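Here is the structure we will look at.
The numbers here are math on the coordinates, done by the rules we state, and not lab data. Note that the structure is a prediction, hence the values are computed from the model and not measured. Glycine gets a Cβ as well: all are built from the backbone with ideal geometry, and neighbour counts include every protein chain shown.
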Amino acid sequence: MMITVTNWGLVGLISLIITAIANAQLSQSGGTIQVSADFLNIFETENRAVYTGNVDAVQAEARLRANRLTINFNPSDSGSEEGIGGGFGDIRNMVAETDVFYITPSFRVRADRGVYTASDDTIMLTGNVLVSRGEDIAKAECLMINTRTSQSRLGCDTQDNVQSRVISIFAPTDDDNEASDEASDEASDEASDEASDEASRVPGE
């Protein structure tokens, strides 16, 4: 059975869905997850909820945004299926698709697709992955993030079992720029002094 809910009806169902995904960990600190979207389709017999349109999932300092977010649940251990979403157990995974962004205070990731797996608290972001941290950026085909430990791995094997390339661009810091300017000024002063000494010498002395 599929139940379609517009943004007007989302408020009445949000507590049921939030309770079911409470064990998900999008941020290292965990906590309550708030999901907002234009539409919510609930596939009762498939233990699946699909958010579409301007999807925004927020937990503490972390945010997952996409055009479509599918949440797959395990069956409820209690066996109770009363009400919409009553048969949902804990979350199994979340699949974000199209214009995917994963944002934390430390970095920002853009990708074509993102999959959060609850069993190991990992997020796999794939397809045209772009990671930005301040002015530093990195590009690859995939990024694996462990939200529990904050460890990450950029780059992965492609479908042809060929290691994808990782490209990183690091912008100089202000300290680096100052040091570079100082070194340039010193070199310029030394060159000027040497030129002046050469010019002051009289041939034949």
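Quick notes
- Restricting segment 91-174 to GluC sites (Glu not before Pro) in coil, as DSSP defines it, with at most 13 other Cβ within 10 Å: Glu135
- Take the Cα of Asp136, step 7 Å toward its Cβ, do the same at Asn23, and the gap between the two points is 3.6 nm.
- Near Val55, once Lys and Arg are set to +1 and Asp and Glu to -1 for all other residues with Cβ below 14 Å from its Cβ, the sum equals 0.
- A simple spin-label model places pseudo-atoms 7 Å from Cα toward Cβ; at Cys156 and Met144 they are separated by 0.8 nm.
- Trypsin sites (Lys or Arg not before Pro) restricted to DSSP loop in segment 117-150 with at most 13 other C-beta within 10 Å: Arg148
- Computed E for Asp120/Thr98 - FRET, C-beta separation, R0 22 angstrom, nearest 0.05: 0.35
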